[in-house]
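These notes are about the structure you will find just below.
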Amino acid sequence: ASSIFASIFAVTNPAVAFDNRLDDKYLDRTPQTGVQSDNLGVKQRDSKQAGSYTGLAPCPGSSNCWCSSTPFNDNPGRWLESWGSKSNSIKDVKKVIDTYEVGQNGIDGGGFKVMKYDEKGQYLYTQFQSYKSGYIDDMEVWFNAEKNKFDVRSASRIGASDFGVNGKRLNYIGGRLEKEFGWEIKRRKNGSLV
């Protein structure tokens, strides 16, 4: 009976490990996936400064989230410019995500998975997982017709800091969109997107 008990706890839950992770190292650890927010997607939202807006969820007060959808004055420290595209097509983003380099810049070694792709609604939702601890980050991209640009949100589910992971991911994806598809993304004075 004890060997059955031990083997039950030795099995890793395959549902929490993405197929495209770097390798099987650390699969014996219990992933710290957190809980998927019920606030994802495009919705009518309350604004602290502007009444309301339609778009992606605002960032909480923590430094592990970036969002271009919320009005700047709601959270200037976690705000980034919306991304411009000549094609105005979510297909560009999907192509970059489909060829995302797992482990790039030392992040997302646990892989990723596109959870929702709505070409007609111009919306893409992807989960990315850290290599060792199995943290899940949620990234959304949506074409905001009112701005004629894409709104972007990348956020960790757990903790107050992400050691720059969401910023590295956004810089990688945004950089590829600029280079491969001619997107116009405003950079900060230091050259970073975030």
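Quick notes on this one:
- Scanning segment 163-184 for residues that are touching a strand residue (DSSP E or B) at 6+ places or on another chain (Cβ under 9 Å) and open to solvent by 20 Å² or more (accessible area, probe 1.4 Å) yields a count of 3.
- Yes/no for Asp74 being more than 28 Å from Pro31 (Cα to Cα) and in contact with a Lys or Arg (Cβ under 6 Å, 6 or more places away or on another chain): yes
- Some residue of segment 92-111 being outside any helix (DSSP H, G or I), open to solvent by 60 Å² or more (accessible area, probe 1.4 Å), modelled with pLDDT of 95 or more and not hydroxyl-bearing (Ser, Thr, Tyr): yes
- Complete set of residues in segment 140-194 that are more than 19 Å from Glu101 (Cβ to Cβ), among the small types (Gly, Ala, Ser), touching a residue at least 40 places away in the same chain (Cβ under 8 Å) and outside any strand (DSSP E or B): Gly159, Ala160, Ser161, Gly182
- Of residues in segment 58-83 being over 13 Å from Asp46 (Cα atoms) and small (Gly, Ala, Ser), the one surrounded by the most Cβ atoms within 10 Å (Cβ to Cβ): Ser68
- Looking only at segment 113-153, residues that are over 19 Å from Thr54 (Cβ atoms), in contact with a Lys or Arg (Cβ under 6 Å, 6 or more places away or on another chain) and crowded, with 22+ Cβ neighbours inside 10 Å come to 1 in all.
- Close pairs (6 angstrom Cβ cut-off, 6 or more residues apart or separate chains): touching a residue at least 60 places away in the same chain (Cβ under 8 Å) in segment 41-55, outside any strand (DSSP E or B) and among the small types (Gly, Ala, Ser) anywhere: Gly55/Ser69
The values are calculated or read from the model by the stated rules, or taken from the named source; none is laboratory data. Source: prediction; values computed, not measured. Using ideal geometry, Cβ is built from the backbone for each residue, glycine included, and neighbour counts are taken over all protein chains shown. Calculation scope for accessible area: heavy atoms of the full protein, side chains included, ligands and nucleic acids excluded. Shrake-Rupley method; radii C 1.70, N 1.55, O 1.52, S 1.80 Å.
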